[in-house]
1. Which residue, of V43, V63, is under 19 Å from F294 (Cβ atoms), within 16 Å of ligand 1 (Cβ to nearest atom) and not in a loop (DSSP other than H, G, I, E, B)?
2. What do you reckon, is G160 touching a Cys at 6+ places or on another chain (Cβ under 6 Å) and either within 16 Å of ligand 2 (Cβ to nearest atom) or not hydroxyl-bearing (S, T, Y) (or both)?
3. Looking at region 192-209 only, could you name the residues that are within 27 Å of Y268 (Cα to Cα) and touching a residue at least 40 places away in the same chain (Cβ under 8 Å)?
4. Taking F30 and the conditions (1) more than 16 Å from ligand 2 (Cβ to nearest atom); (2) among the aromatic types (F, W, Y); (3) in a strand (DSSP E or B), which numbered condition does it fall short on, given that it satisfies the others?
5. Considering each of P72, P22, P85, P16 in turn, give the residue that is away from ligand 1 (no atom under 16 Å from the Cβ), within 26 Å of K287 (Cα to Cα) and modelled with pLDDT of 95 or more.
6. When both residues are 6+ apart or on different chains and their Cβ atoms are under 7 Å apart, which pairs have a first residue that lies in region 1-15 and is more than 18 Å from E247 (Cα to Cα), and a second that is loosely packed, with under 15 Cβ neighbours inside 10 Å and among the small types (G, A, S)?
7. Check off (1) within 23 Å of I98 (Cβ to Cβ); (2) away from ligand 1 (no atom under 16 Å from the Cβ) for Y278 and give me the number that stays unchecked.
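The values are calculated or read from the model by the stated rules, or taken from the named source; none is laboratory data. Note that the structure is a prediction, hence the values are computed from the model and not measured. For neighbour counting, all protein chains shown are included, and Cβ atoms are generated from backbone atoms with ideal geometry for every residue, glycine included.
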Amino acid sequence: MSEVKNWHLNRLMQYPYDEKRPNKQLAYVFDTNKCIACQTCTVACKTTWTSGKGQEGMFWNNVETKPYGGYPAAWDVKLLNKMGPQEWDGDLYTGQTIFESQDAGERVNGHMPETEDYAYPNLGVDEISGVVDRGAFFQGAHNVWMYYLARICNHCTYPGCLAACPRKAIYKREQDGVVLIDQSRCRGYKECVKACPYKKTFFNMVTRTSEKCIGCYPLLEQGEQPRCVQTCIGKIRMAGWLSKPGEERQDNPIDYLVRIKKVALPLYPQYGTEPNVYYIPPVHVPKEFLWEMFGPGAEDAIAQYRAIRNDPKMMAAMVLFGNTPKIITRYVSDAKYSIGYNEKDEEVVRVPLIEPFFERDMFDPIKNVYRHNTA
Ligand code: SF4
Ligand code: SF4
(Lines give C-alpha, C1' and ligand atoms only; values in the text may rest on other atoms or scores of the structure.)
(Ligands and ions follow the chains in the order given, each with its own letter.)
Protein backbone atom coordinates (compact mmCIF):
# COMPACT_ATOMS: atom_id res chain seq x y z
CA MET A 1 0.00 0.00 0.00
CA SER A 2 1.12 3.57 -0.75
CA GLU A 3 0.18 6.80 0.99
CA VAL A 4 -1.58 9.15 -1.40
CA LYS A 5 -3.14 12.57 -0.96
CA ASN A 6 -6.93 12.72 -1.30
CA TRP A 7 -8.09 16.33 -1.42
CA HIS A 8 -11.75 15.37 -0.86
CA LEU A 9 -10.80 13.92 2.52
CA ASN A 10 -8.15 16.52 3.29
CA ARG A 11 -5.70 13.84 4.32
CA LEU A 12 -3.36 11.11 3.18
CA MET A 13 -4.91 7.69 2.64
CA GLN A 14 -3.86 4.15 1.77
CA TYR A 15 -4.03 3.05 -1.88
CA PRO A 16 -2.46 0.02 -3.61
CA TYR A 17 -0.56 2.18 -6.14
CA ASP A 18 1.46 5.41 -5.95
CA GLU A 19 -0.17 8.77 -6.53
CA LYS A 20 -0.01 9.59 -10.25
CA ARG A 21 -2.35 12.30 -11.39
CA PRO A 22 -3.04 12.61 -15.12
CA ASN A 23 -1.92 15.66 -17.08
CA LYS A 24 -5.52 16.81 -17.06
CA GLN A 25 -8.54 15.15 -15.49
CA LEU A 26 -11.93 14.65 -17.13
CA ALA A 27 -14.48 16.03 -14.68
CA TYR A 28 -18.19 16.81 -14.75
CA VAL A 29 -20.48 19.16 -12.87
CA PHE A 30 -24.13 18.03 -12.51
CA ASP A 31 -26.72 20.42 -11.10
CA THR A 32 -29.17 18.10 -9.31
CA ASN A 33 -31.66 20.96 -8.96
CA LYS A 34 -32.28 20.98 -12.69
CA CYS A 35 -32.60 17.26 -13.48
CA ILE A 36 -36.10 16.19 -14.54
CA ALA A 37 -35.33 12.45 -14.86
CA CYS A 38 -36.30 12.43 -18.53
CA GLN A 39 -33.60 9.72 -19.01
CA THR A 40 -32.49 11.23 -22.31
CA CYS A 41 -28.90 10.85 -21.11
CA THR A 42 -29.53 7.19 -20.28
CA VAL A 43 -30.96 6.48 -23.72
CA ALA A 44 -28.26 8.50 -25.50
CA CYS A 45 -25.58 6.44 -23.74
CA LYS A 46 -27.41 3.15 -24.25
CA THR A 47 -27.93 3.64 -27.98
CA THR A 48 -24.35 4.84 -28.44
CA TRP A 49 -22.42 2.22 -26.49
CA THR A 50 -24.46 -0.64 -24.98
CA SER A 51 -27.01 -1.90 -27.47
CA GLY A 52 -25.23 -5.22 -28.07
CA LYS A 53 -25.80 -8.75 -26.79
CA GLY A 54 -24.86 -9.17 -23.14
CA GLN A 55 -25.32 -5.48 -22.52
CA GLU A 56 -29.07 -5.59 -21.86
CA GLY A 57 -28.75 -4.77 -18.16
CA MET A 58 -25.94 -2.28 -18.56
CA PHE A 59 -26.65 1.33 -17.79
CA TRP A 60 -23.35 3.19 -17.91
CA ASN A 61 -25.55 6.22 -17.31
CA ASN A 62 -28.61 5.94 -15.09
CA VAL A 63 -30.81 8.42 -13.26
CA GLU A 64 -32.31 7.31 -9.96
CA THR A 65 -34.71 8.87 -7.47
CA LYS A 66 -33.24 9.46 -4.03
CA PRO A 67 -33.73 8.44 -1.27
CA TYR A 68 -35.21 5.08 -2.38
CA GLY A 69 -34.04 4.60 -5.94
CA GLY A 70 -30.83 2.90 -6.96
CA TYR A 71 -29.34 0.81 -9.73
CA PRO A 72 -28.27 -1.83 -8.91
CA ALA A 73 -30.69 -1.92 -5.98
CA ALA A 74 -29.34 -0.36 -2.75
CA TRP A 75 -25.83 -0.08 -4.25
CA ASP A 76 -24.91 2.68 -1.83
CA VAL A 77 -26.77 1.58 1.31
CA LYS A 78 -25.17 -1.87 1.25
CA LEU A 79 -21.65 -0.43 1.16
CA LEU A 80 -22.34 2.32 3.69
CA ASN A 81 -23.63 -0.30 6.13
CA LYS A 82 -20.61 -2.50 5.50
CA MET A 83 -18.16 0.37 6.03
CA GLY A 84 -19.58 1.31 9.44
CA PRO A 85 -19.22 4.82 10.92
CA GLN A 86 -17.93 7.47 8.52
CA GLU A 87 -17.06 10.53 10.54
CA TRP A 88 -15.76 14.00 9.70
CA ASP A 89 -13.99 16.52 11.87
CA GLY A 90 -14.76 19.70 9.97
CA ASP A 91 -13.50 19.05 6.46
CA LEU A 92 -11.12 16.29 7.61
CA TYR A 93 -12.42 12.77 7.12
CA THR A 94 -11.56 10.74 10.21
CA GLY A 95 -13.33 7.54 9.20
CA GLN A 96 -11.97 4.78 6.96
CA THR A 97 -12.17 4.56 3.18
CA ILE A 98 -12.83 1.45 1.08
CA PHE A 99 -9.02 1.05 0.85
CA GLU A 100 -8.62 1.11 4.63
CA SER A 101 -11.55 -0.99 5.87
CA GLN A 102 -11.31 -4.14 3.75
CA ASP A 103 -11.08 -7.69 5.06
CA ALA A 104 -7.67 -9.38 5.25
CA GLY A 105 -6.53 -10.54 1.83
CA GLU A 106 -8.77 -8.04 0.00
CA ARG A 107 -7.56 -4.87 -1.67
CA VAL A 108 -10.87 -3.03 -1.47
CA ASN A 109 -13.92 -3.10 0.78
CA GLY A 110 -16.66 -3.89 -1.73
CA HIS A 111 -19.77 -5.96 -2.23
CA MET A 112 -21.09 -7.99 -5.12
CA PRO A 113 -24.68 -7.17 -6.09
CA GLU A 114 -27.12 -10.05 -6.46
CA THR A 115 -28.39 -10.82 -9.98
CA GLU A 116 -31.82 -9.65 -8.80
CA ASP A 117 -30.37 -6.22 -7.93
CA TYR A 118 -29.96 -5.53 -11.65
CA ALA A 119 -33.54 -6.53 -12.49
CA TYR A 120 -35.28 -3.18 -11.93
CA PRO A 121 -33.36 -0.21 -13.36
CA ASN A 122 -36.05 2.25 -12.30
CA LEU A 123 -36.69 0.88 -8.82
CA GLY A 124 -38.06 3.59 -6.52
CA VAL A 125 -38.62 6.12 -9.27
CA ASP A 126 -40.53 9.19 -8.08
CA GLU A 127 -41.01 7.73 -4.58
CA ILE A 128 -40.95 10.40 -1.92
CA SER A 129 -39.15 10.32 1.41
CA GLY A 130 -42.14 9.99 3.70
CA VAL A 131 -45.88 9.86 3.94
CA VAL A 132 -48.02 12.83 2.96
CA ASP A 133 -50.45 13.23 5.86
CA ARG A 134 -54.13 13.42 5.15
CA GLY A 135 -55.13 17.03 4.71
CA ALA A 136 -51.55 18.21 4.09
CA PHE A 137 -51.11 20.98 1.57
CA PHE A 138 -48.12 22.77 0.13
CA GLN A 139 -46.90 25.53 2.42
CA GLY A 140 -43.71 26.54 0.68
CA ALA A 141 -41.34 24.28 2.62
CA HIS A 142 -40.96 20.58 1.83
CA ASN A 143 -42.08 18.19 4.55
CA VAL A 144 -41.47 15.29 2.16
CA TRP A 145 -38.87 15.28 -0.56
CA MET A 146 -37.13 13.36 -3.32
CA TYR A 147 -34.67 14.30 -6.01
CA TYR A 148 -33.08 12.86 -9.11
CA LEU A 149 -29.49 11.71 -9.08
CA ALA A 150 -27.86 11.20 -12.48
CA ARG A 151 -24.96 8.76 -12.29
CA ILE A 152 -22.08 7.71 -14.52
CA CYS A 153 -18.57 6.36 -13.91
CA ASN A 154 -16.66 8.99 -11.94
CA HIS A 155 -13.33 8.36 -13.66
CA CYS A 156 -11.96 8.40 -10.14
CA THR A 157 -8.47 9.62 -9.31
CA TYR A 158 -8.07 6.48 -7.15
CA PRO A 159 -10.39 4.00 -8.86
CA GLY A 160 -11.63 1.09 -6.76
CA CYS A 161 -12.06 -0.96 -9.93
CA LEU A 162 -8.44 -0.45 -10.95
CA ALA A 163 -7.14 -1.17 -7.45
CA ALA A 164 -8.96 -4.51 -7.30
CA CYS A 165 -8.15 -5.92 -10.75
CA PRO A 166 -5.73 -8.86 -10.37
CA ARG A 167 -4.94 -8.74 -14.12
CA LYS A 168 -4.00 -5.06 -14.25
CA ALA A 169 -6.53 -4.83 -17.07
CA ILE A 170 -7.87 -1.46 -15.88
CA TYR A 171 -5.89 1.68 -16.50
CA LYS A 172 -6.23 5.43 -16.19
CA ARG A 173 -5.17 7.44 -19.23
CA GLU A 174 -2.40 9.95 -18.61
CA GLN A 175 -3.74 12.41 -21.18
CA ASP A 176 -7.23 12.87 -19.71
CA GLY A 177 -7.73 10.67 -16.63
CA VAL A 178 -10.34 8.46 -18.35
CA VAL A 179 -10.53 5.00 -16.72
CA LEU A 180 -10.75 2.12 -19.21
CA ILE A 181 -10.84 -1.69 -19.16
CA ASP A 182 -8.48 -3.40 -21.59
CA GLN A 183 -10.79 -6.04 -23.07
CA SER A 184 -7.87 -8.18 -24.22
CA ARG A 185 -6.48 -8.47 -20.67
CA CYS A 186 -9.78 -8.87 -18.79
CA ARG A 187 -10.58 -12.47 -17.78
CA GLY A 188 -13.96 -11.71 -16.22
CA TYR A 189 -13.04 -12.23 -12.55
CA LYS A 190 -15.55 -9.47 -11.66
CA GLU A 191 -13.30 -8.05 -8.95
CA CYS A 192 -13.95 -4.59 -10.42
CA VAL A 193 -17.72 -5.09 -10.21
CA LYS A 194 -17.34 -5.93 -6.55
CA ALA A 195 -14.86 -3.11 -5.83
CA CYS A 196 -16.43 -0.14 -7.62
CA PRO A 197 -18.32 1.59 -4.82
CA TYR A 198 -20.59 3.26 -7.39
CA LYS A 199 -21.29 -0.03 -9.18
CA LYS A 200 -20.31 1.39 -12.54
CA THR A 201 -18.49 -1.60 -13.96
CA PHE A 202 -20.76 -4.26 -15.43
CA PHE A 203 -20.15 -7.88 -16.32
CA ASN A 204 -21.04 -8.94 -19.86
CA MET A 205 -22.36 -12.52 -19.77
CA VAL A 206 -21.77 -12.99 -23.51
CA THR A 207 -18.20 -11.71 -23.87
CA ARG A 208 -17.34 -12.82 -20.27
CA THR A 209 -15.52 -9.55 -19.65
CA SER A 210 -16.31 -6.42 -17.64
CA GLU A 211 -17.29 -3.19 -19.35
CA LYS A 212 -17.80 0.37 -18.22
CA CYS A 213 -18.33 3.99 -19.27
CA ILE A 214 -15.49 5.14 -21.48
CA GLY A 215 -16.12 8.87 -20.99
CA CYS A 216 -16.88 9.03 -24.74
CA TYR A 217 -13.13 9.41 -25.24
CA PRO A 218 -13.44 9.52 -29.07
CA LEU A 219 -15.43 12.74 -28.56
CA LEU A 220 -13.05 14.08 -25.91
CA GLU A 221 -10.19 13.64 -28.38
CA GLN A 222 -12.02 15.96 -30.78
CA GLY A 223 -12.61 18.59 -28.11
CA GLU A 224 -16.26 17.56 -27.59
CA GLN A 225 -18.19 16.77 -24.43
CA PRO A 226 -19.58 13.21 -23.89
CA ARG A 227 -22.96 12.18 -25.33
CA CYS A 228 -24.78 12.22 -21.99
CA VAL A 229 -23.70 15.84 -21.55
CA GLN A 230 -24.49 16.95 -25.08
CA THR A 231 -27.99 15.47 -25.03
CA CYS A 232 -29.07 16.55 -21.53
CA ILE A 233 -32.50 18.13 -21.83
CA GLY A 234 -32.33 19.88 -18.47
CA LYS A 235 -28.91 21.39 -19.28
CA ILE A 236 -27.74 20.15 -15.89
CA ARG A 237 -24.32 18.96 -17.09
CA MET A 238 -20.95 20.34 -18.04
CA ALA A 239 -17.80 18.29 -18.74
CA GLY A 240 -14.29 19.66 -18.93
CA TRP A 241 -10.86 19.50 -17.40
CA LEU A 242 -10.19 19.76 -13.69
CA SER A 243 -6.73 21.07 -12.86
CA LYS A 244 -4.41 19.39 -10.39
CA PRO A 245 -4.89 20.52 -6.77
CA GLY A 246 -3.11 23.85 -6.30
CA GLU A 247 -3.11 24.59 -10.06
CA GLU A 248 -6.77 25.59 -10.39
CA ARG A 249 -7.61 28.55 -12.64
CA GLN A 250 -10.29 31.18 -12.11
CA ASP A 251 -11.08 31.18 -15.84
CA ASN A 252 -11.69 27.41 -16.08
CA PRO A 253 -15.43 26.91 -15.39
CA ILE A 254 -14.94 23.43 -13.88
CA ASP A 255 -12.14 24.65 -11.59
CA TYR A 256 -14.21 27.65 -10.61
CA LEU A 257 -17.29 25.67 -9.60
CA VAL A 258 -15.48 22.70 -8.03
CA ARG A 259 -12.30 24.02 -6.44
CA ILE A 260 -12.74 27.74 -6.04
CA LYS A 261 -16.43 28.14 -5.12
CA LYS A 262 -16.89 24.53 -3.95
CA VAL A 263 -20.51 24.73 -5.09
CA ALA A 264 -20.24 21.27 -6.69
CA LEU A 265 -19.25 18.32 -4.50
CA PRO A 266 -18.16 14.69 -4.96
CA LEU A 267 -20.65 11.87 -4.37
CA TYR A 268 -19.85 9.85 -1.22
CA PRO A 269 -16.33 11.28 -0.84
CA GLN A 270 -15.86 9.00 2.19
CA TYR A 271 -15.41 6.02 -0.14
CA GLY A 272 -11.97 7.50 -0.90
CA THR A 273 -11.80 7.12 -4.68
CA GLU A 274 -11.72 10.90 -5.30
CA PRO A 275 -14.56 10.70 -7.85
CA ASN A 276 -14.63 13.30 -10.61
CA VAL A 277 -18.35 13.86 -11.10
CA TYR A 278 -19.26 16.84 -8.94
CA TYR A 279 -22.84 17.55 -7.88
CA ILE A 280 -24.53 20.78 -6.93
CA PRO A 281 -26.62 19.40 -4.05
CA PRO A 282 -30.43 19.68 -4.08
CA VAL A 283 -31.56 22.70 -2.08
CA HIS A 284 -34.65 21.15 -0.47
CA VAL A 285 -33.26 18.01 1.17
CA PRO A 286 -32.51 17.50 4.92
CA LYS A 287 -28.93 18.35 5.74
CA GLU A 288 -28.15 14.99 7.41
CA PHE A 289 -28.89 13.21 4.15
CA LEU A 290 -26.78 15.69 2.20
CA TRP A 291 -23.84 15.33 4.60
CA GLU A 292 -23.83 11.60 4.12
CA MET A 293 -24.09 11.88 0.36
CA PHE A 294 -21.90 14.89 -0.45
CA GLY A 295 -19.79 15.40 2.68
CA PRO A 296 -19.59 18.30 5.11
CA GLY A 297 -19.49 21.04 2.45
CA ALA A 298 -23.13 20.49 1.38
CA GLU A 299 -24.68 23.37 3.31
CA ASP A 300 -22.03 25.85 2.17
CA ALA A 301 -22.50 24.70 -1.42
CA ILE A 302 -26.23 25.36 -1.22
CA ALA A 303 -25.63 28.79 0.32
CA GLN A 304 -23.28 29.65 -2.57
CA TYR A 305 -25.80 28.38 -5.08
CA ARG A 306 -28.62 30.42 -3.59
CA ALA A 307 -26.41 33.53 -3.70
CA ILE A 308 -25.52 33.09 -7.37
CA ARG A 309 -26.84 36.55 -8.26
CA ASN A 310 -24.06 38.06 -6.14
CA ASP A 311 -21.41 36.17 -8.10
CA PRO A 312 -21.35 37.12 -11.80
CA LYS A 313 -18.52 34.68 -12.45
CA MET A 314 -20.56 31.76 -11.13
CA MET A 315 -23.57 32.91 -13.11
CA ALA A 316 -21.40 33.11 -16.24
CA ALA A 317 -20.13 29.56 -15.68
CA MET A 318 -23.62 28.17 -15.09
CA VAL A 319 -25.20 29.66 -18.22
CA LEU A 320 -22.65 27.79 -20.33
CA PHE A 321 -24.22 24.44 -19.28
CA GLY A 322 -25.87 22.68 -22.19
CA ASN A 323 -25.21 25.43 -24.69
CA THR A 324 -22.35 23.93 -26.68
CA PRO A 325 -21.17 20.42 -27.55
CA LYS A 326 -17.58 21.67 -27.24
CA ILE A 327 -15.35 21.42 -24.18
CA ILE A 328 -14.75 24.87 -22.72
CA THR A 329 -11.28 25.33 -21.31
CA ARG A 330 -11.49 29.07 -20.63
CA TYR A 331 -14.35 31.49 -20.17
CA VAL A 332 -14.79 35.24 -19.72
CA SER A 333 -17.86 37.40 -19.24
CA ASP A 334 -18.87 40.99 -19.76
CA ALA A 335 -22.06 42.80 -18.81
CA LYS A 336 -24.06 40.93 -21.44
CA TYR A 337 -22.44 37.62 -22.35
CA SER A 338 -20.60 34.60 -21.04
CA ILE A 339 -18.08 33.51 -23.67
CA GLY A 340 -16.42 30.10 -23.82
CA TYR A 341 -13.18 29.15 -25.60
CA ASN A 342 -11.78 25.77 -26.61
CA GLU A 343 -8.28 24.40 -26.13
CA LYS A 344 -7.05 26.33 -29.20
CA ASP A 345 -8.44 29.48 -27.58
CA GLU A 346 -11.11 29.84 -30.29
CA GLU A 347 -14.51 31.16 -29.24
CA VAL A 348 -16.99 28.25 -29.26
CA VAL A 349 -20.01 29.70 -27.49
CA ARG A 350 -21.49 33.05 -26.49
CA VAL A 351 -24.51 32.95 -24.17
CA PRO A 352 -26.51 35.98 -23.00
CA LEU A 353 -26.50 36.35 -19.21
CA ILE A 354 -30.09 37.52 -19.40
CA GLU A 355 -32.34 36.05 -22.06
CA PRO A 356 -33.80 38.71 -24.39
CA PHE A 357 -37.49 39.42 -23.82
CA PHE A 358 -39.89 39.97 -26.68
CA GLU A 359 -43.47 41.14 -26.37
CA ARG A 360 -45.67 40.77 -29.40
CA ASP A 361 -48.83 42.61 -30.26
CA MET A 362 -52.06 41.05 -29.10
CA PHE A 363 -53.51 41.26 -32.60
CA ASP A 364 -51.58 39.94 -35.63
CA PRO A 365 -53.03 41.77 -38.68
CA ILE A 366 -51.15 39.54 -41.16
CA LYS A 367 -52.71 36.30 -39.91
CA ASN A 368 -55.79 38.07 -38.62
CA VAL A 369 -55.55 36.33 -35.22
CA TYR A 370 -55.33 37.33 -31.57
CA ARG A 371 -52.43 35.91 -29.58
CA HIS A 372 -51.82 35.86 -25.85
CA ASN A 373 -48.36 36.42 -24.47
CA THR A 374 -47.50 33.74 -22.01
CA ALA A 375 -43.96 34.72 -20.98
S1 SF4 B 1 -30.96 14.17 -19.75
FE2 SF4 B 1 -30.38 15.62 -18.13
S3 SF4 B 1 -32.36 16.27 -17.25
FE4 SF4 B 1 -32.76 14.38 -18.39
S5 SF4 B 1 -32.48 12.75 -16.87
FE6 SF4 B 1 -30.47 13.00 -17.85
S7 SF4 B 1 -29.38 14.40 -16.49
FE8 SF4 B 1 -31.56 14.58 -15.97
S1 SF4 C 1 -16.72 5.04 -10.60
FE2 SF4 C 1 -16.22 2.86 -10.33
S3 SF4 C 1 -15.82 2.15 -12.42
FE4 SF4 C 1 -15.63 4.38 -12.46
S5 SF4 C 1 -13.42 4.76 -12.10
FE6 SF4 C 1 -14.50 4.91 -10.10
S7 SF4 C 1 -14.27 2.86 -9.24
FE8 SF4 C 1 -13.84 2.64 -11.46
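1. Exactly one of V43, V63 is under 19 Å from F294 (Cβ atoms), within 16 Å of ligand 1 (Cβ to nearest atom) and not in a loop (DSSP other than H, G, I, E, B), namely V63.
2. It is true that G160 is touching a Cys at 6+ places or on another chain (Cβ under 6 Å) and either within 16 Å of ligand 2 (Cβ to nearest atom) or not hydroxyl-bearing (S, T, Y) (or both).
3. V193, K194, A195, C196, P197, Y198, K199, K200, T201, F202, N204
4. Of (1) more than 16 Å from ligand 2 (Cβ to nearest atom); (2) among the aromatic types (F, W, Y); (3) in a strand (DSSP E or B), only one is false for F30: (1).
5. P72
6. Y15/S2
7. Just one mismatch for Y278, condition (2).
Condition check ((1) out of contact with any Asp or Glu (no Cβ under 7 Å at 6 or more places or on another chain); (2) at pLDDT 95 or above; (3) buried (at least 21 other Cβ atoms within 10 Å of the Cβ); (4) among the charged types (D, E, K, R)) across all residues:
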{"site": "L162", "(1), (2), (3), (4)": "yes, yes, yes, no"}
{"site": "Q183", "(1), (2), (3), (4)": "yes, yes, no, no"}
{"site": "K200", "(1), (2), (3), (4)": "yes, yes, yes, yes"}
{"site": "V206", "(1), (2), (3), (4)": "yes, yes, no, no"}
{"site": "S210", "(1), (2), (3), (4)": "yes, yes, yes, no"}
{"site": "E224", "(1), (2), (3), (4)": "yes, yes, no, yes"}
